[in-house]
Amino acid sequence: MTNFNASFLSDARSLFLGEQEENMAAYLYSTPDPNIENDPANGEVCYMELISQNLGYYLYKEEIQLINNVAEKIAAYVPEEANIIEFGPGTNIAFQNKTLPFLKAVEKFKSYIPVDVCETYLHQTQKILGRELPEIPVQIMQDDFIKNVELVQKFAKPVVFFKGSTITNLSISNCLKFFGRISQALKPDGILIVGVDANQNQSSLRKAYNDGKMAKLTLSILYFINRDLPVDGFEPTAFNYEFNWVAETHCVEHNVRATEEQNFVLDGIPINIKKGTKFHLLSSYKYPVDYFQNQAIKGGLKPIDCFIDENKRMVIHVLGVS
Ligand SMILES: C[S@@+](CC[C@H](N)C(=O)[O-])C[C@H]1O[C@@H](n2cnc3c(N)ncnc32)[C@H](O)[C@@H]1O
């Protein structure tokens, strides 16, 4: 079993046994199996549909706008000879529209290291960069950048570029732990450039997430479990998606609720799910600027600058090590 599948299994097991929740974000981007017709475990495709077909999904468009507007200002914080490590470069259009404008604005850097659990995205990224900036060496890393954040230490003058609001999929406590570990890994002179959605408006959050495309993307995780993990008798069709906004914790919860009782065996463990049971698969936290900066400070980071989109939702934070 690959490291990825071992983590996937352990996270799925603890989710269904009620030991953990909001731990499924890293498994949202499953690659469809070409041998399965219309494979429903297809997070990659569902994410593309969400960003291209849900007109209310502002995150993607507004972050593109913001990065393109401030690319030179962000790039000014990148020291010469930096190794730029990107956490989760994502789809080829995300890479072309967000990463490339930033990389092109940086005057001089040593290498580019994309890190993603999704292999397809890494190869696409490598191909595009080879064409657009052929002088820059690229070292792809298929790894979990949350579990293995210390990989940053392998590189001198690390600048971690972490856009897409992916950090906000971490629970508040895991985000704090992540800050603590990355602040150590970035020492003495590394930088973290991170994109966050700060929107607190329930109505626009509903438009962005409470729709069929987000439902399909979230539910694709259950099909992914069924396809790739040692499970017998699991019925991924017997769940509905539920959006929930918890203003007090700035959290959009992505839940699934069982529409019927089911019994299945996961890696030899019998599991019973009652009709109506809710599983909180993952979250999208919406951190106001001050809140995010305070959390970063608690984790040993130092806010250096931040750039806010004109709609006052998408933010790019530049953080150093305190
Ligand atoms: C929301 S997408 C963001 C994509 C892109 N950065 C953008 O701006 O649209 C998250 C990306 O991070 C990757 N990813 C999420 N969690 C990860 C983890 N823990 N380790 C490695 N890759 C991860 C996903 O495969 C995906 O490519």
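In this structure, Asn240 and Ser10 have a Cβ-Cβ separation that, at R0 = 22 Å, corresponds to a calculated FRET efficiency of about 0.30.
Less than 18 Å from a label point 7 Å out along the Cα-to-Cβ axis of Ile172: which backbone N atoms in region 249-278 qualify, by residue? From region 249-278, the list is 249-254.
Principal-axis analysis of the Cα atoms of the chain puts helix 58-75 at an angle of about 20° to the longest axis.
Cβ crowding within 10 Å ranks Val246, Val231 as Val246, Val231, fewest other Cβ atoms first.
Here each label is just a point 7 Å from Cα along the line to Cβ, and for Lys207 and His123 those points are 3.8 nm apart. Annotation: extensible slack from Gln53 through Lys187 equals 44.1 nm (criterion: 0.36 nm per residue apart, minus Cα-Cα distance).
Each label was represented as a point 7 Å from its Cα along the Cα-to-Cβ direction; for Ala156 and Lys302 these points are 2.2 nm apart. Between the helical axis of 212-228 and the dominant principal axis of the chain, each derived from Cα atoms, what acute angle in degrees is found, rounded to the nearest 10? With both axes taken from Cα atoms, the answer is about 70 degrees. Given R₀ = 41 Å, FRET efficiency for Ser322-Lys274 by Cβ-Cβ distance, to 0.05? Approximately 0.30, to the nearest 0.05. Candidates Ser183, Leu229, Tyr60 compared by Cα position along the dipole of the chain: farthest toward the positive end lies Ser183, with charges placed on Cβ.
Of the trypsin sites (Lys or Arg not before Pro) found in region 86-138, the ones in coil according to DSSP and having at most 13 other Cβ atoms within 10 Å of their Cβ are Lys108. Exceedance of the 18 Å cut-off in Cα-Cα distance is limited, within the set Lys61/Lys213; Lys127/Lys157; Lys213/Lys278, to Lys127/Lys157; Lys213/Lys278.
Using the alpha carbons alone, the radius of gyration of region 239-322 stands to its Kirkwood radius in an Rg to Rh ratio of 1.20. Considering only Ile93, Phe16, Cys46, the residue lying farthest towards the positive end of the dipole of the chain is Ile93, judged by Cα position with unit charges set on Cβ.
Per residue of the chain, the DSSP helices (runs of n ≥ 4 H) give a summed -39500 (n - 2.57) that works out to -11000 deg cm²/dmol at 222 nm.
Classified by the C-alpha gyration tensor, region 127-278 has a prolate form. Its axis ratio a/c, with a ≥ b ≥ c, is 1.5 or above, and a/b is larger than b/c. Between Asn69 and Leu229, the FRET efficiency from the beta-carbon distance, with R0 = 45 Å, is close to 0.60. DSSP beta bridges fully contained in the chain are about 65 percent antiparallel.
Compactness check for region 8-65: Cα Rg over 2.2 N^0.38 Å is 1.43. Taking 7 Å steps out from each Cα toward its Cβ at Met141 and Asn294 produces label points 3.2 nm apart.
Histogrammed with a bin width of 10 Å, the alpha carbon distances of region 58-174 distribute as 14, 47, 36, 3, 0 percent, first bin at zero. Shown here for region 275-318: trypsin sites (Lys or Arg not before Pro) in loop regions (DSSP other than H, G, I, E, B) with at most 11 other Cβ atoms within 10 Å, namely Lys275.
Fraction of C-alpha pairs exceeding 26 angstrom in the chain: 46 percent, rounded to a whole number. Cβ crowding within 10 Å ranks Asp33, Asp116, Asp211 as Asp33, Asp211, Asp116, fewest other Cβ atoms first. Once you have the Kirkwood Rh of region 87-154 from its Cα pairs, apply Stokes-Einstein at 25 °C and 0.890 mPa s and quote D in µm²/s. Translational diffusion coefficient: 200 µm²/s.
Every number in this text was worked out from the coordinates using simple rules, so none of it is lab data. All values reported here derive from a predicted model rather than from experimental measurement. Ideal geometry is used to build each Cβ from the backbone, glycine not excepted, and the neighbour counts take in all protein chains shown.
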